[in-house]
Amino acid sequence: MSFDGIPVYKKKTYKKAPELSRSSTKRRPFVVVGSGPIGLALALFMAKKGHEVLILTAFDFIPAGSKGICYSKEALDIFDQLGIGKRIVDKGVIWNVGKVFWGDSPDPVYQFDMLPVKNQKNPGFVNIQQYYVEDYLVDALEAMENVEIRWGHAVTDLDVSGTYARLNIHTEDGDYELDTDYVLACDGSKSTIRHLMGLDFEGRIFEDSFLIADVKFKQSRPSERWFWFDPPFNRGRTALLHKQPDDIWRLDFQIGWDADREQAIKTENLAPYIKGMLGDGVEYQEDWLSVYTFQCRRMKNFVHGRVIFAGDAAHQVSPFGARGANSGLPDVQNLSWKLDLVLRGDAPKSLLQSYDIERTRGADENILNSSRSTDFITPKSKNSTLFRDAVLELASEYEFARPLVNSGRLSAPTPCYDSPIATMDEEEFPCGPRPGDICPDAPIERDGKAAWLLESLPDGFCLLHIGEQELASDLPVLALPCEGLVAERYGSNMSYLVRPDNIVAARWRNPEPKQIMQAYAKATAQDGA
């Protein structure tokens, strides 16, 4: 199958579908559509839970091009659950510090730390090209006997009018049909599934253009995020510099809404930007070029009966803030455990509505922050420009102004405080994560060896207990002594019901078994939630 203009990182093998040789086929519980990082991660979550997994993708290759490069601590914790976290961290460029520059000054007006809470397993961010992430996910999937990836199988039609969904699929050997209970649409911002259902995004498209230039050069620079307002090499606009593995650097330049995109990526027009940022004497090679606009939009709902959307197929945000894959990965972490329980008959189908509620609210939070970043980076009026410049001037001397500097507020976990499946506190607690918060990591000791809390949590729902008192529970329990950073972060003699996505569902002091199971019933929508 041909895709003109898309560079290939690694070719994959197309295989003829067995359905083309049969008069009938079995109905599948679910099918994943899309082979980007979100679809592959969802497939791997479901495969690890023991399900038979089928992935459909129009591509017969892993695309080249860096695309998304920044992965947050939350994303790295998710990759740990999938078994590829170490591989990503080992290959990637670790960074925690970001610096903001203004005008001609070589000194930053402001810098920030993306990992303010220290002593956690993963860093604030890791930069790594998207094709590496996809390759690692594919390696993990291909090693499993319960996974089939159909490369070069493009969905062309969808019928959801009956008691199941029917997909029409085109291949080089002909077309065939597949029946499934659920279609998991992870097919990106130009989603075929969304188009076939006549659905669209709601939100804003910002009238500005940005040029991404991933270039290869050898130069000693720190592994930090550098952002410029009004630099001498791009007057009146912005620029960004990020380091990637293999001596590849991400350069990002604001070029204006009226820019000619085809002209912008020509070598002779790109060179002044690059040399202005890096110096006239730098020798570099172009690796990947792209021009994009800011889009902050989402579908009204992510769950449409038997079709469920995740990642860029469901929502879009501007690249500044690294909220693309870093919001899509929590989507599939959230969806996978709920769909698993539903398919096993251990939870009602209504549990899937909590995915819609929690992750549309997560998308709203990301869109809000992304829109604010965009408005600060590209002010649309004289007054907005005056405000931004005043903030930048004050930030160099006054601490109160620094939090107002917004060069792309970077991705952070979105809490689920108002989730319908959370059990809210009935009393005040002096510290610790609230119901709806993601569990913070902490160093612990298990069996006489150093370990990390998050990687030690049992699979599925579990009870995290901090204290010496034994606790009776029908759920798996991780009991830890009341000492060190665990006690500091979670409190003394506290018990937490932790969901499979590391989100706190409920917390207590010395709960009764009945309380625990009532909270579990609510968290799995078995109490009418």
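Before moving on, here are some points about what is shown:
- In this rough spin-label picture, where each label sits 7 Å from Cα along the Cβ direction, the residue 145-residue 300 distance is 4.7 nm.
- Our note on the geometry: Cα centres of the range 151-190 and the range 196-217, 26 Å apart.
- Each Lys or Arg adds one and each Asp or Glu takes one away; over the other residues whose Cβ falls under 12 Å from the Cβ of residue 215, this sums to -2.
- For the range 177-272, averaging the sequence separation of C-alpha pairs within contact (under 8 Å, six or more residues apart) and dividing by the residue count gives a relative contact order of 25 percent.
- Anisotropy class of the range 402-529 from Cα gyration tensor, a/c 1.5 cut: oblate
- A simple count of charges around residue 53, restricted to other residues whose Cβ falls under 13 Å of its Cβ and scoring Lys, Arg +1 and Asp, Glu -1, yields -1.
- Peptides 455-467, 96-108, 177-189 ranked from most to least packed by the mean count of surrounding Cβ atoms within 10 Å: 177-189, 455-467, 96-108.
- In order through the range 207-219: 3J(HN,Hα) via Karplus (6.51 cos²θ - 1.76 cosθ + 1.60), integer Hz, x for Gly, Pro: 7, 7, 10, 9, 9, 9, 10, 8, 10, 9, 7, 9, 7
- Relative to its residue count, the chain spans a Cα convex hull of 165 Å³ per residue.
- Site pair residue 429 and residue 396 shows an inter-label distance of 4.6 nm when each label is modelled 7 Å from Cα along Cα→Cβ.
- Only Cα pairs under 8 Å and 6+ residues apart enter the sum, and on that basis the relative contact order of the range 443-523 stands at 25 percent.
- Relative contact order (percent, whole number), the chain, Cα cutoff 8 Å, 6+ residue spacing: 14
- Cα centre as origin, Lys/Arg/Asp/Glu Cβ charges: the range 205-295 dipole, Debye: 300
- Selection from 18, 311, 111 lying farthest towards where the dipole of the chain points positive, charges on Cβ: 18
- Remark: the range 129-138, residue by residue, has Karplus-estimated 3J(HN,Hα) of 4, 4, 5, 5, 4, 4, 4, 5, 5, 5 Hz, where x stands for each Gly or Pro and the curve is 6.51 cos²θ - 1.76 cosθ + 1.60 at θ = phi - 60°.
- Span per principal axis, largest first, for the Cα atoms of the range 1-156 (Å): 70, 37, 23
- Per-peptide packing, taken as the mean over residues of other Cβ atoms within 10 Å, places 247-257, 280-290 in the sequence 247-257, 280-290 from highest down.
- Spacing of the two label points (7 Å from each Cα toward its C-beta) at residue 219 and residue 166, in nm: 5.9
- Inter-part distance, the range 240-313 to the range 1-67, computed on C-alpha centroids, equals 26 Å.
- Backbone HN-Hα couplings from phi across the range 369-384 [Karplus 6.51/-1.76/1.60, Hz, Gly and Pro as x]: 5, 5, 5, 5, 4, 4, 5, 6, 5, 10, x, 9, 8, 5, 5, 5
- Dipole magnitude of the chain about its Cα centre (Cβ charges: Lys, Arg +1; Asp, Glu -1), debye to nearest 20: 400
- Fully extending the segment from residue 483 to residue 235 would add 83.9 nm, taking 0.36 nm per residue of separation and subtracting the current Cα-Cα distance.
- Near residue 229, the amide H atoms lying under 5 Å from its own belong to 101, 102, 103; only residues 5 or more places off or on other chains count, and H is placed 1.01 Å from N.
- Counted charge near residue 312, where neighbours are those whose Cβ lies closer than 12 Å (Asp, Glu -1; Lys, Arg +1): +4
None of the figures in this text is laboratory data; all of them are computed from the coordinates on show. The structure presented is a predicted model; accordingly, all values stated were derived computationally and were not measured. Neighbour counts are summed over all protein chains in view; Cβ atoms, including those assigned to glycine, are modelled from backbone coordinates with ideal geometry.
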